[in-house]
Amino acid sequence: MTGVSGDGVQDNTITGGGSMSKILIADDDPQVREMMEETLQELEDEGVELILAGNGMEAVEAIRQHRPDVAFLDVLMPKMNGIEVCRAAKTQLGVRDTHIVMLTSGEGHEDADFLDAGADGSLTKPLDPDQVYETAVGILKR
């Protein structure tokens, strides 16, 4: 977030000098997690913490424990799918401030399914690293 620090100097960092922003990357495919981590890694220099999860249960626990600002959730994960994780985050955990972006192959689910679960948007695989980065930065700067 863009903000003004206590000394009146403009702060253009993503975190705005406040608490550390957090991004959850939840996907059962290690290659997708690695690509997204590499894509978003430069945000760590601006105070963003990246959290990784390999299945739906890990994702729910990460959301409960870390309350990320952004959660990228793969739709098709073992133990709990991304839609179930999204629903659990929004209803059972009461997470309102986490922006949830679903990662989908584009088959079998409509955007309406994601919105009904409480998601804020979706990206279609194969993922474009520039789009992933722009999506994360756009949300964090709100």
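All of the numbers you see were taken from the coordinates with simple rules; none came from a lab. What you see is a predicted model; the values in this text were computed from it and never measured. For neighbour counting, all protein chains shown are included, and Cβ atoms are generated from backbone atoms with ideal geometry for every residue, glycine included.
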request  = Give, in nm to one decimal, the length gained when the segment between Glu37 and Glu107 is fully stretched (0.36 nm per residue of separation minus the Cα-Cα distance).
outcome  = 22.8 nm
ask   = Tell me, what is the percent relative contact order of the chain, built from C-alpha pairs under 8 Å that lie six or more residues apart?
value = 23 percent
inquiry  = Going by average Cβ density within 10 Å per residue, which order do the peptides 134-140, 40-46 take, highest to lowest?
reply    = 134-140, 40-46
key: Label point distance in nm, Asp29-Lys79, each placed 7 Å from Cα along Cα→Cβ   = 2.0 nm
remark   = Residue separation between Val137 and Arg67 times 0.36 nm, minus their alpha-carbon distance, gives in nm 23.5 nm
ask   = Hey, how many Å between the Cα centroid of the range 33-56 and the Cα centroid of the range 75-142?
value = 15 Å
note = Exposure-ranked with fewest Cβ neighbours within 10 Å first, Arg67, Arg96, Arg33 stand as Arg96, Arg67, Arg33
ask   = Roughly what would the spin-label model give for Asp45 and Gln92, points 7 Å off Cα along C-beta, in nm?
value = 4.0 nm
request  = Can you quote the Å³ per residue value for the convex hull of the Cα atoms in the chain, rounded to an integer?
outcome  = 97 Å³
inquiry  = Among DSSP bridges having both ends in the chain, what percentage is antiparallel? Round to the nearest 5.
reply    = 10 percent
inquiry  = Whole-Hz ³J(HN,Hα) for each residue in the range 86-94, computed from phi via Karplus 6.51 cos²θ - 1.76 cosθ + 1.60 with θ = phi - 60°, x for glycine and proline: what do you get?
reply    = 4, 4, 4, 4, 7, 9, 5, 8, x
task = Mind running the shape call on the range 59-142? Use the C-alpha gyration tensor, a ≥ b ≥ c as the square roots of the eigenvalues: rounded below 1.5 for a/c, prolate if a/b tops b/c, oblate otherwise.
result = oblate
query = Within a Cβ distance under 15 Å of Gly94, other residues only, what is the Lys/Arg minus Asp/Glu net charge?
reply = +4
